[in-house]
Amino acid sequence: MKRPSIRRASESIALKSLSGIVVLLVVFSAIVCVIGYRGFTRELMAQYAEGAFLTADTAALYVDPDKLDEYEASEGDSEEYRKTWLSLDQLCNSSGATFIYVIRPDRTDYAHITFLFSTVSRQAPYTRYGFGFVRETTNDEYREKYRALYEGNARRELVIRDDGNIETDRHITAMIPLKDENQETQAILCVQRQMSGMAQARGEYIQKVVLVLALLSLVVIFGQGFYLNRMLLVPVKTITDEASRFATENVKRNEKLRETITNRDEIGILAGAIDQMEEQIHNYVTDLTRATAEKERINTEMTMASRIQAHMLPNNFPAFPEHTEFDIYASMDPARGVGGDFYDFFLVDDDHLCLVIADVSGKGIPAALFMMVSKVVLSENALLGKSPAEVLRNTNNAICSNNKEEMFVTVWLGILELSTGILTASNAGHEYPILQREDGTFKIVKDDHGLVVGAMEDVTYKDYELRLAPGSRIFLYTDGVTEASDAEENMFGQDRLLTALNEMPHEDPEHLIGHVKGSIESFVNGAEQFDDVTMLCLEYRGPADMSKE
Amino acid sequence: MLNIDKKLDKDQLQMALEGRLDTLTAPELEKALMESLDGVKDLSLDCSKLEYISSAGLRVLLSAQKTMNKQGTMKLTHVSSEIMEIFEVTGFSDILTIV
């Protein structure tokens, strides 16, 4: 028997379970990374902005908004302007800002800005704009924020350029308004800071998160794998191994699965169920084996009984080759292994042949047992040389004395005097005999019937005589012949029996019986028969001296 | 198939048999008789619809007859010619009361 690949099956469970966990962990990690990345960026950005505004607030202390018009008038060519610019330049280099500048946008549509101050950190690869330099506002965002600082009373504004699609590095610009005594915005002070360190910091952060998550995943996978292996795969493998072993060997295990697998979960229930199943199958197989052996034994006994019964009946033909006065043939076909019908014939003395045909009520073994007793008692009585009626009477009394089951047997018994052809017979409830007349036709003899043997004690029977002419035959049978039925439950009957016999009136007994059997078989046409079929035929050939001629 | 129709009137039991009384059905009649023969003095079996009787059926009738011999009478009524022939062949007509 080919064993299923258990190893691969369990691996597949582990693989499925673990790959599910891995997918979950990857998704989980990705979500954590995105959330972390965003939070980290926001936090970092806030810090940058805070720094930039701090620088802007400091720078605002250096610039006097009320003097801006003066500076503009002198185009930046004054001692005070230069002092202010130096302070801003120092601040720019010390604060980490890349660019500090003061601008005045044109107030019509804020599309252009004019630089009043502009300082660039020495580390930055830019050059500063000169006083009065005019350029286009970078984009709409800047424009809106300028407008807000002038017209919307905004205290501070911030522009973040972190989209990577810009010509410069990533940076933020903190803006605060410079207001005069009347709280009118005179200019905007801007502090620009590079965010070059941020991408790097973010990269490191992501790396750390991924590393930690990867380590965590490994721990979870190994942990889960170990757990799965111990709690699921090992017990499942034990169970499948055991089921597979039981399927091949069919032998119970000394140690129950439930003793090795102590799980209280479904695996434990499964192990218990397998234990129970093995127990039941084992018991069933044991019972079945016993029942089969028993049946086998009964069959053997039935075969033996059938053979014993068959050998009880004379079945060596020709039976009396030294007696030329007659030829005899008989057959008994039980419907089951053993039957209740029987025939018998034996020489009482040199000139007297006893013929018996009988049918026990009921079927099978009880009938067979009763038949054996009847046969022995009948032949013993007949061998005492009594008349058929006396033989039946004695047999009846003998059987009735010990017949609690109220079984009975129909018997026709005749004694033929070989030298004369005179047949003395008596009938105890058996079918009518059929006699061949001198003209060759078979006819039923409506003989006088007594009660069946075994029914009641002290029944008397009558003898009657028939004369067999040389060359004539007597045919005896049981009701299995006349009551043989076809599929529609039509019976073979006496008429068909007589027809069959008269078809071959000069056939010898063996072939005549064979012919009747053939007629019955073609009549029933395969329908199952429930009664034994027994026939006996004797052909009288005349006295010894006559038949020798 | 055998249908048994029972009618008990005090100590008179009437049974109508319909169908075949053979090896298969004889135990049914035997059981029916065993259950109801106690105290019955007059048993009457109506055989008008009885089609066939085998040796197993005869055995049950014999049994009933023997029981009734001790406690009363038993008779068979409306016996058809086919059944009658079976009774005659087996000699049962000598011991059964057939009216």
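In the range A:62-166, the inverse of the mean reciprocal separation of distinct Cα atoms equals 15.0 Å; this is its Kirkwood hydrodynamic radius. Across the range A:213-219, computed HN-Hα scalar couplings (Karplus, 6.51 cos²θ - 1.76 cosθ + 1.60, θ = phi - 60°) run 5, 4, 4, 4, 4, 4, 4 Hz from first to last residue, x flagging Gly and Pro. Buried surface between chains A and B: roughly 1700 Å² of accessible area, summed over both sides, computed with a 1.4 Å probe on protein heavy atoms only. Averaged over the residues of B:83-93, the number of partner chain Cβ atoms lying within 10 Å of the residue Cβ comes to 5. Helix A:140-151 and the long axis of chain A differ in direction by around 50°, with both axes built from C-alpha atoms. Loop-located trypsin sites (Lys or Arg not before Pro) in the range A:503-549 (DSSP state not H, G, I, E or B) with no more than 13 neighbouring Cβ atoms inside 10 Å: A:LYS548. Here the range B:32-99 and the range A:142-195 have alpha carbon centers that stand 129 Å from each other. Normalised by 2.2 N^0.38 Å, with N the number of residues, the alpha-carbon radius of gyration of the range A:250-312 equals 1.99. Residues of the range A:443-472 that bury at least 30 Å² of accessible area once all protein chains are present, compared with their chain alone (1.4 Å probe, heavy atoms only, ligands and nucleic acids left out), are A:HIS449, A:LEU451, A:ALA455, A:MET456. Modelled this way, with points 7 Å down the Cα-to-C-beta line, the labels at A:ASP439 and A:ALA305 are 4.8 nm from one another.
The alpha-carbon atoms of the range A:315-547 define a convex hull whose volume equals 112 cubic angstrom per residue.
Taking a straight line from the alpha carbon of B:LYS49, these aspartates and glutamates sit under 13 Å away, with near neighbours fewer than eight places off in the same chain left out: B:ASP5, B:GLU18, B:GLU82. Taking amide H as placed 1.01 Å from N in the peptide plane, the amide H of A:ARG467 sits under 5 Å from that of A:LEU423, each at least 5 places away or on another chain.
To the nearest 500 deg cm²/dmol, what mean residue ellipticity at 222 nm is calculated for chain A from DSSP H runs of n ≥ 4 alone, each contributing -39,500 (n - 2.57), summed and divided by the residues? Don't jump to the answer; show the numbers that get you there.
On the way: 14 runs with 260 residues, N = 549.
Mean residue ellipticity, 222 nm, calculated: -16000 deg cm²/dmol.
Near A:SER118, the amide H atoms lying under 5 Å from its own belong to A:VAL102; only residues 5 or more places off or on other chains count, and H is placed 1.01 Å from N. With both labels modelled 7 Å from their Cα along Cα-to-Cβ, the A:GLU322 to A:GLU457 distance reads 4.3 nm.
Using θ = phi - 60° in the Karplus curve 6.51 cos²θ - 1.76 cosθ + 1.60, the 3J(HN,Hα) couplings for the range A:63-68 round to 9, 8, x, 6, 9, 4 Hz; x is entered for Gly and Pro.
Only the Cβ atoms of Lys and Arg (+1) and of Asp and Glu (-1) were treated as charged; on that basis the dipole of the protein assembly as shown about its Cα centre amounts to roughly 3880 debye.
Between the C-alpha center of the range A:436-463 and that of the range A:21-68 there is a gap of 130 Å. Compared with the dominant principal axis of the Cα atoms in chain A, helix A:364-382 is inclined by about 10°. Cross-link check: pairs A:LYS404/A:LYS446; A:LYS446/B:LYS66; B:LYS10/B:LYS31; A:LYS462/B:LYS75 evaluated at a Cα-Cα cut-off of 24 Å; pairs beyond the cut-off: A:LYS404/A:LYS446; A:LYS446/B:LYS66; A:LYS462/B:LYS75.
Computed from backbone phi, the HN-Hα couplings of the range A:83-97 come to 4, 4, 4, 4, 4, 5, 5, 4, 4, 4, 6, 8, 8, x, 6 Hz, rounded to whole numbers (Karplus: 6.51 cos²θ - 1.76 cosθ + 1.60, θ = phi - 60°; Gly and Pro given as x). Model label points for A:ALA487 and A:TYR464, set 7 angstrom from Cα along the Cα-to-Cβ axis, are 4.0 nm apart.
Using the Cβ-Cβ distance between A:ASP495 and A:ASP349 with R0 = 35 Å, the FRET efficiency computed as 1/(1 + (r/R0)^6) comes to roughly 0.35. The calculated 222 nm mean residue ellipticity attributable to helices in chain B amounts to -12000 deg cm²/dmol, summing -39500 (n - 2.57) over DSSP H runs of n ≥ 4 and dividing by all residues. Once backbone amide H atoms are built at 1.01 Å from N, B:ASP46 has B:MET15, B:ALA16, B:LEU17, B:THR77 as its partners under 5 Å, excluding neighbours fewer than 5 places away on the same chain. Globularity index of the range A:478-549 is 1.32 (Cα radius of gyration / 2.2 N^0.38 Å, N = number of residues). Note that the range A:258-405 shows a convex hull volume over its alpha carbon atoms of 171 Å³ per residue.
Helix A:6-62 axis versus longest C-alpha principal axis of chain A: approximately 10°, rounded to the nearest ten.
Note on the range A:6-200: lysine pairs with Cα distance below 30 Å, sequence gap of 8 or more or different chains, count 6. Taken over the range A:6-200, the alpha-carbon convex hull comes to 149 cubic angstrom per residue. Cα centroid separation, the range A:207-250 to the range A:467-545: 82 Å. Taking only the Cα atoms of the range A:102-162, the ratio Rg/Rh comes out at 0.99, with Rh defined as the Kirkwood radius. Counting only protein heavy atoms and a 1.4 Å probe, the range A:6-200 has 56 square angstrom of accessible area per residue. Its convex hull of Cα atoms gives the range B:29-99 a direction-averaged projected area, equal to a quarter of the hull surface, of 4.3 nm². Under 11 Å from a label point set 7 Å out along the Cα-to-Cβ vector of A:ILE13, the amide N atoms of the range A:216-248 belong to A:228-241. Looking at the range A:228-297, the GluC sites (Glu not before Pro) that sit in a DSSP loop and have at most 15 other Cβ atoms within 10 Å of their own Cβ are A:GLU255.
Per residue, the range A:250-312 exposes 75 Å² of accessible surface when a 1.4 Å probe is rolled over the protein heavy atoms with every protein chain present. Just to check, using Stokes-Einstein with a Kirkwood Rh over alpha carbon pairs, what's the diffusion coefficient of chain A at 4 °C and 1.567 mPa s in µm²/s? The calculation lands on 36 µm²/s.
The values are calculated or read from the model by the stated rules, or taken from the named source; none is laboratory data. Just so it is clear, the structure is predicted and the values come from calculations on it, not from any experiment. Neighbour counts are summed over all protein chains in view; Cβ atoms, including those assigned to glycine, are modelled from backbone coordinates with ideal geometry. When the accessible area is computed, the model is the full protein with side chains, heavy atoms only, and any ligands, DNA or RNA have been set aside. Shrake-Rupley method; radii C 1.70, N 1.55, O 1.52, S 1.80 Å.
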